[in-house]
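Undergrad: First, the structure itself, so that you have it in front of you.
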Amino acid sequence: MRPRRTRTAAPRTAVRGMPDGVRPRRPYDAPDRPPDAPSGRPRLAASRAPPRGCAAPRLSPPAGSLRGMAIRRVVPDIKTESFEASRVFYERLGFEEVMNLGWVMALAAPGNPTAQLIFMDRDASAPVEPDMSIEVEDVDAAHEAMRAAGAEIVHPLTDEEWGVRRFFVRDPNGQVVNVVAHRG
């Protein structure tokens with residue numbers, strides 16, 4: 001019986017028929033190109049229409065929107081039955097507790113305090129629990145814009161005892177959004 005020949009695998013950088021470490025040139029690998037020159041790689045034209053079935057990007061805000069409104073943070077509001085289990089779990093990912101009112105707890109990333117998670121077992125003053133919170137610069141202007149657009153306000157504009165002014169609005173997907181601003 002003849003001995004089996006074993007094949008040795010070529011290094012990953014090798015290309016069949018080329019010396020080790022040498023790769024074939026592609027059209028955009030011009031070695032004589034200055035370092036600050038564009039790569040010459042093919043790019044999609046900026047004026048190309050979006051694929052069929054996809055909406056074109058909106059170039060201006062819809063009527064009634066608040067141009068220039070500063071959004072300070074967007075935070076998911078997560079329903080929980082165990083604040084302690086939630087805190088311990090997310091501490092393993094680097095979050096730390098920054099607020100706990102007994103019915104609501106906020107965790108934040110130490111290096112980026114706007115990266116937050118909110119956990120609640122109920123809302124202290126509203127008939128529903130929100131799905132997310134959006135902190136805005138001017139909550140009164142946001143409330144007026146939503147009211148004028150005919151959006152469903154599910155909790156009225158209210159000054160809460162814990163130092164925020166907020167209202168809840170239902171988005172087109174049925175999600176309840178807590179729109180909030182911290183007072184003074």
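Undergrad: Simple spin-label model, 7 Å along Cα-to-Cβ: Asp121 to Asp140 in nm?
TA: Those two pseudo-labels are separated by 3.7 nm.
Undergrad: Would you pull out the residues with amide H under 5 Å of Ser133's amide H, same chain only if 5 or more places away, H placed 1.01 Å from N?
TA: Val75, Asp77, Asn178
Undergrad: What list of ³J(HN,Hα) couplings, whole Hz, do you get for region 173-179 from phi and the Karplus terms 6.51, -1.76, 1.60, once you set θ to phi - 60° and write x for glycine and proline?
TA: 8, x, 7, 8, 10, 8, 9
Undergrad: Long-range amide H contacts for Thr80: which residues qualify at under 5 Å (H placed 1.01 Å from N, peptide plane, sequence gap of 5 or more or a different chain)?
TA: Here Met120, Asp121 satisfy the definition.
Undergrad: Starting with the highest mean, order 110-123, 129-142 by the number of other Cβ atoms within 10 Å, averaged over the residues of each peptide.
TA: Highest-to-lowest ranking by the protection proxy: 129-142, 110-123.
Undergrad: Dipole size in debye (nearest 20) for region 71-182 around its Cα centre, Lys and Arg Cβ +1, Asp and Glu Cβ -1?
TA: Rounded to the nearest 20 debye, it is 200 debye.
Undergrad: Simple spin-label model, 7 Å along Cα-to-Cβ: Thr80 to Asp171 in nm?
TA: Computed distance between label sites Thr80 and Asp171 equals 2.2 nm.
Undergrad: Please compute, for the alpha-carbon atoms of region 71-182, the extent along each of the three principal axes and give them in descending order in Å.
TA: The Cα atoms of region 71-182 stretch 44, 29, 28 Å along their principal axes.
Undergrad: With the dipole of region 71-182 worked out from charges on the C-beta (+1 for Lys and Arg, -1 for Asp and Glu) around the Cα centre, which of Gly174, Met105, Ala148 lies farthest toward the positive end?
TA: Gly174
Taken together, the values in this text are just the output of simple stated rules run on the coordinates, not laboratory data. Owing to the predicted nature of the structure, the values given are computational and were not obtained by experimental measurement. Cβ coordinates were reconstructed from backbone atoms using ideal geometry, including for glycine residues, and neighbour counts include every protein chain displayed.
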